[in-house]
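Report on the following structure.
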Amino acid sequence: MLKNYLKVAFRNLWRHRIFSFINIMGLTVGLTAFFLIFMYVKFELSYDSFHPNADRIYRVVCDLKTPTETINADGPSWAIAPHIKNDFPEIESAIRYTNASLLVRKGDIKFQEDNTLFADSAFFHVFGFKLLKGNPATVLKDKFSIVLTETAAKKYFGKTNPIGQTVLLTDGNFPSTITGIMEDMPENSIVKADMLVSMTTLTEDFNKGIDDQWGNYGNRTYLLLKPGTSAKALQAKLPAFLEKRNGDEMKKFQMYPTLFLEPLRDVYLRSTRDGSKTGNITNVYIFSIVAVFILLIACFNFVNLTTARSTERAKEVGIRKVVGAGKFQLARQFIGESIILCLIAFILSVIFSALLLPLFNQLSGKIISHNIFSHPAYLLLLFLTSIAIGILAGIYPALVLSSFQPVTVLKGRFATGVKGILLRKGLVVTQFTISIALIIATIVVYNQMNFMRSQDLGFNKDQKLILDTHGDSSKTALMQKVSTLPGVLSTSMSGSVPGGGNPGAYSQVENTKGEMQIANLDLYFVDYDYIPQYKMKIIAGRAFSRDFGSDTTQAMIVNEAAMKMFGYTTPQQIIGKKFDQWGRKGMIIGVVKDFHFRSLQEVIKPLSLRIEPNGCSLITANVSPKNLPSTIASIENAWKTMIPNRPFSYYFLDEFFDKQYRSEDRFGRLFLNFAVLAIFISCLGLLGLASYSTMQRTKEIGVRKVMGASVSNIVNLLSKDFLRLVLISFVIAGPLAWYFMNKWLHGFAYRTNVSWWIFVAAGITALLIALLTVSFQAIKAAVANPVNSLRSE
Amino acid sequence: MIKISQLEKIYRTEEVETIALNKLNMEVNDGEFVAVMGPSGCGKSTLLNILGLLDDPDAGSFMFNNIEVAHFNERKRADLRKHNIGFVFQSFNLIDELTVFENVELPLIYTGVKSADRKKRVEAVLDKVQIMHRRNHYPQQLSGGQQQRVAVARAVVNNPKLILADEPTGNLDSSNGNEVMQLLTELNEQGTTIVMVTHSEHDARYSHRIIRMLDGQTVTQNILI
C-alpha cells in the first residue's frame, strides 16, 4: 500500500510540476531561513556555556553612587578581587583581568597586540579555556609571564616551540617569558584575547600598590563560587564587606559603590553594562519570532496550495472510495504525501543552509558555525520540524479531501466549500500581515540607522585620520612632523576620540550654592587644537588657548550636560566656577555644545575636557581628500622614521564612530533579508492560489468574454479579491508594526519617528508585489480564447 | 440479492424539493442481469448510488443479501462495498496517475490482499479483458474502449457478487460499446449479478430484464428471456 501511495505522490508531484515547485520552494526557503536563524539564536544563547564551571562563575559589577548621580560602571574596584576571598569561604577563586594593547617584539617581528589581557593567575582555574602547553596553575603566576593563543604564537615563533622563549614588551624594557600556549578563544566567549600577561606584571611592577586601591575602578572581576553557594546570599553580604574594608574612604570621597553578581552566562545577552558591544536578548527574541513567522508563512502556503488543489484530487478520492478506501486510509495517504513534500524540502534546505552558511556568517558579523553538519542535533531538529510540518500542514487538507462524497465528486457536481475559501483567505491575510509588518519594521530600522548616520553629532567626523601612538615618547615629534606633510590640513592630540573609550574621573565642581559638588565626570584629555579641529562649538566662555599659560593645568571646559548637572541653567553661569579633578584645581573657562561622544543609543553624558599632554596618545590628522593614498604613505613614512619600533596603523574617525552601530547594522541587514524572504514565500503562495482560482473560473471567464467583457474587466475581476486581502492585512499589520517598532526605537536615546510615509511605502510595496503576482495569472486567463475554455465543459 | 421496498430519496435546496425516488420497490435476484432505463432525471442514477452504497436513502428498506443496509453508517457501507460491489462508470473514472495494472490492483490493496497474490489476480483479470499487453500504460494512452475494459477489470478483480454499471457505453462508439457489453454478458454468465443503467435500447437487450423508471418510480418491467 505504501508503494502505491509513494507512486501516486511522486507522479502527482511530477504532473503538477509548477505547483510542486512552488510548494516545495516555499517550504524550502522557509525551513532554510528558520534553520539559519535557529543556529544564530542558538549561538547567541551559547555564549560562555563552554566553561565547565560556567554555572558557578559570576561577574562582579558595580554601581557608583556620588552625591550627584549613580553610574552603572562595569568593573568594580581593583582591590575587590585580592581581598574578597579572605572574607568569604564560599568563594573558591576571585580573578581580575583588564584589557590592554601592548607592543610585542621578537627580533624583527613586532605586533601591537590590541587584544591583550592582564590576568590573575587563577584565570585558567576559573575559566575553561584550554591550555595546550604549560601548567594552568602556574603559567600566569610570575611577573612578565605570557600565554599566547596558538594563532598569536605562530606569528612570532612559527613552528618552533615558544615555551621558555623571550619577547620584549612595550618599548623594549621588559623581557617576558612565554609560559603557555592556549587554544584560540572561541567566538562565543565574552572574554577574548590573543595574549595574556600575568597580572603580577601590573601589580608588582607597572602599577605597584593597585591591589589595595579601593577607589580605582574599571577592571573585570570574576568569582568562582564553591558548589552549592547561593550568589544571591553572597551578594547580600557584599555591602557589609565594602563597609568593613573601605567604609572610611567611601565616606571621605562620597563615592558609594554597590556590587552585583551577574551569572556568567547572562553577561553576554542580559547585562546592560557593556553597551552595544555584546548581544541583546531583545534581538534574540525578535529573531526567534521572525523565524517562527517565516516558518508559519511557509506552512500556510503549504496548507493553502494543497487545499486549493483538492478540487483536482477530488476525482481520485472518489474513485478510491468507490473501490474500497476508508476515510482513515485516505487521510493517511494525504498526510503521507505532505510528509514526503516536507522531506524533499528538508533535504533541499539542508543543502541550501550548507551553501548559504558562509554568507550568513558574513551577514551576522561572526562565525556562527563553520559547517552545519557539525551540529547533528540541530539537523535532527530540522528533520523533526519538517516531519511535524508535514503532519500538521497535511491534516487539514487530508481531512477535507478524505471527506469528499464519491457520489458528488464523480458526477462532477463538485464545488469548493465556502468554509475552505474562508480559511484560505484567512491564511493569506496572516501571511501578508506578517510580510507587511516585516517591511515596515525594515524601513523603520533603516530609517533609524540613516538618522543616526546623518544626525548632527556636534562635531565634524569627516576626513579625520587617527593614529594611535600608544603613548610613545616620540608622539609629539611625530605629530609635528605629520602636521608639515602635504595633504595634512591640521593636527591635534587627545586621549580620546568620539566613539572610543574615555576615562571617568572623580571630580568636584562648584555648584550653584557655592559648594564643591562631587560627581564622576567623563573626561577627555585634549590639546589646544582639538576643539577647533573637531569644529565643536563653544557656547559660553572660551576654548583652550595658548595665550593663557595656566590653561595646561588650571582650566576645564565642560559640556552642557555637565553644566546642567551642577544646577546651572545658562552656560554663562558656570564660567569661572572652581573644579578639583584628579589632583588638578582651577576654573571652568568654557562650555562646549553637547556633542555625541558615544553612539546615539546613549544620552549625552556630562563631560569635562582638560589639557593634559601626558594623557594624550591619539593624533587626529585632518587630511585632504585629494591624493589620499600618497598622504597616507607619507604619514607612514614619518611614523617609520620616528617610531620605528611600533607597527604603523591608522583608522578614519567616521568609520570608527559608525562601528558602534555594527550590531544595529547587522540587525537591519538580517531583517531586510528575512523580510524579503517572507514576502517571497507569501507571493509564491499568492501565485499558486491565484492560478488555481483562475483555473476554477475558466468557464466563467469564457462566458464573460463571450458576453463582451474586455481583458481589463477580467483582470480586474480576478485581482480584486486578492488585493482586498492585502488591504485587510495592511490594516492589521500597521498598528502591530507601529507598536513594536516604537518599542524598539525606545532603545535609542535619539531616534526618528515612525512616520506615516513608512506605512504608505510598505502598503504600496506589498500591494504592488501582490498585484504583479496575481495579474500575471489573471492576464493569462483573460487573453485566452473563450472557445477553448467553454469546449472543455 | 437485492430487495428494495418503499425507498425514498429527496434532494432539498433552500427553495426546491426534488423527489428523486418515490416509494420505489424493486428486486434483483442472484445471477440476474438487469437494465434500468428511463428519461433524464427519473432517478436512475440515484437508485444506482443507493444500490452501490455510495448514498443512503431517506426512508424505506434496502435488503442486501438479506441484511438491512439502509441505515448503515459510512464505514460499514464502505466495508460492505469493497467486498461485494464493483462499479463501472460512463466516464471510466480511472486514476490518471496510476498505470493500468495499478488501477486494477487498487481494490485488492484496500481489501488487504498480499502482493504476490495481487499480481496473479490482476494479471488474470487483465488477460480476461484482453488488455494485458497495455498493463504498464497510463489511462490517457488508451482508447476509450480500452479504458472501459480496464474499468471493468477493476470492477471484477475482487470477485464481487454485484456489478453496477452506469451507462458503461455512453462514451464509446458502437463497436467498442459492443465489446464492453460482451464482456459484461460473459461476467454475468459466470455468475455475477449486474445492474446497468442505460439510455441505449440496444445495450438493454443484452440484459435479462428491463426496469423502466419515471419520476422516481418503476413503471414497467420487460422480461427479455
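In terms of Cα atoms, the Rg and Dmax of the stretch A:644-693 work out to 21.9, 76 Å.
Applying 1/(1 + (r/R0)^6) with r as the Cβ-Cβ distance of A:Phe776 and B:Gln130 and R0 = 35 angstrom yields a FRET efficiency of 0.15. Considering only A:Gln448, A:Gln581, A:Pro532, the residue lying farthest towards the positive end of the dipole of the stretch A:439-595 is A:Pro532, judged by Cα position with unit charges set on Cβ. Each Lys and Arg adds +1 at its Cβ and each Asp and Glu adds -1 at its Cβ; summed about the Cα centre, the stretch A:696-781 shows a dipole of about 200 debye.
Within the shell of other residues whose beta carbon sits under 12 angstrom from the beta carbon of B:Ile131, the net charge comes to +2, with Lys and Arg scored +1 and Asp and Glu -1.
The helix-based estimate of mean residue ellipticity at 222 nm for the protein assembly as shown, built from -39,500 (n - 2.57) per DSSP H run of four or more residues and divided by its residue count, is -15500 deg cm²/dmol to the nearest 500.
Using bins of 10 Å that start at zero, the share of Cα-Cα pairs per bin across the stretch A:302-372 amounts to 17, 31, 20, 16, 12, 5, in whole %.
Summary value for chain A: 15 percent relative contact order, contacts being C-alpha pairs under 8 angstrom separated by 6+ residues. Each part gets one Cα centre, and for the stretch A:672-695 versus the stretch A:291-342 those centres are 19 Å apart. Kirkwood's formula applied to the C-alpha pairs of the stretch B:1-101 gives a hydrodynamic radius of 15.1 angstrom. Binning all Cα-Cα separations of the protein assembly as shown at 10 Å, short to long from zero, yields these whole-percent fractions: 2, 9, 13, 15, 14, 10, 9, 8, 7, 6, 5, 2, 0, 0.
Rounded to the nearest 20 debye, what is the charge dipole size of the protein assembly as shown about its Cα centre when +1 sits on each Lys and Arg Cβ and -1 on each Asp and Glu Cβ? Mind showing how you got there, number by number?
Values: 108 positive and 87 negative charges, 156 e Å.
In debye, rounded to 20, the protein assembly as shown gives about 760.
Loop-located chymotrypsin sites (Phe, Trp or Tyr not before Pro) in the stretch A:572-607 (DSSP state not H, G, I, E or B) with no more than 16 neighbouring Cβ atoms inside 10 Å: A:Trp582. Where the alpha-carbon atoms of the stretch A:58-166 are placed on the principal axes, they occupy 55, 34, 21 Å, in descending order. Once you list every other residue whose beta carbon is under 12 Å from the beta carbon of A:Leu523, what net charge do they have if Lys and Arg are +1 and Asp and Glu are -1? Here the count lands on +1. For the protein assembly as shown, the residue among A:Val676, B:Met63, A:Asn785 whose Cα projects farthest onto the positive side of the dipole built from Cβ charges is A:Asn785.
Its residues counted as N, the stretch A:667-736 yields a C-alpha radius of gyration over 2.2 N^0.38 Å of 1.49. Here the stretch A:236-374 has an Rg and Dmax of 28.8, 96 Å, counting Cα atoms alone. Could you tell me what % of all Cα pairs in the stretch A:568-689 have separations over 21 Å? Cα-Cα pairs in the stretch A:568-689 separated by more than 21 Å: 69 percent.
The tail of the calculated P(r) for the stretch A:422-473 beyond 13 Å holds 75 percent of all Cα-Cα pairs.
Give me the one-decimal Kirkwood hydrodynamic radius in Å for the stretch A:55-99, with the sum taken over alpha-carbon pairs.
It is 12.1 Å.
Where both bridge residues fall in the protein assembly as shown, DSSP classifies roughly 75% of the beta bridges as antiparallel. Each Lys and Arg adds +1 at its Cβ and each Asp and Glu adds -1 at its Cβ; summed about the Cα centre, the stretch A:515-596 shows a dipole of about 140 debye. Between A:Val126, A:Val147, A:Asn161, the Cα set farthest toward the positive side of the dipole of the stretch A:123-176 (charges on each charged residue's Cβ, about the Cα centre) is that of A:Asn161. Scattering from the stretch A:16-85 was approximated by placing one identical point on each alpha carbon and applying the Debye formula without solvent; log10 I(q)/I(0) at 0.19, 0.20, 0.26 1/Å stands at -0.93, -0.96, -1.10.
With semi-axes defined as the square roots of five times the eigenvalues of the C-alpha gyration tensor, the equivalent ellipsoid of the stretch A:33-72 measures 35, 18, 4 Å, largest first.
For the stretch B:1-138, what is the relative contact order in percent, using Cα pairs closer than 8 Å and at least 6 residues apart in sequence? Relative contact order of the stretch B:1-138: 20 percent. Near A:His470, once Lys and Arg are set to +1 and Asp and Glu to -1 for all other residues with Cβ below 11 Å from its Cβ, the sum equals -3. Accessible surface of the stretch B:1-87, 1.4 Å probe: 45 percent of it comes from carbon and sulfur atoms.
When the alpha carbon coordinates of chain B are projected onto the principal axes, the ranges are 48, 38, 37 Å, largest first.
The values are calculated or read from the model by the stated rules, or taken from the named source; none is laboratory data. Computed from a prediction, not measured in an experiment: that's the story for all the values here. Cβ sites come from the backbone with ideal geometry, for glycine too, and all protein chains shown count toward neighbours. Protein only, heavy atoms only, side chains kept; ligands, DNA and RNA dropped before computing areas. Shrake-Rupley method; radii C 1.70, N 1.55, O 1.52, S 1.80 Å.
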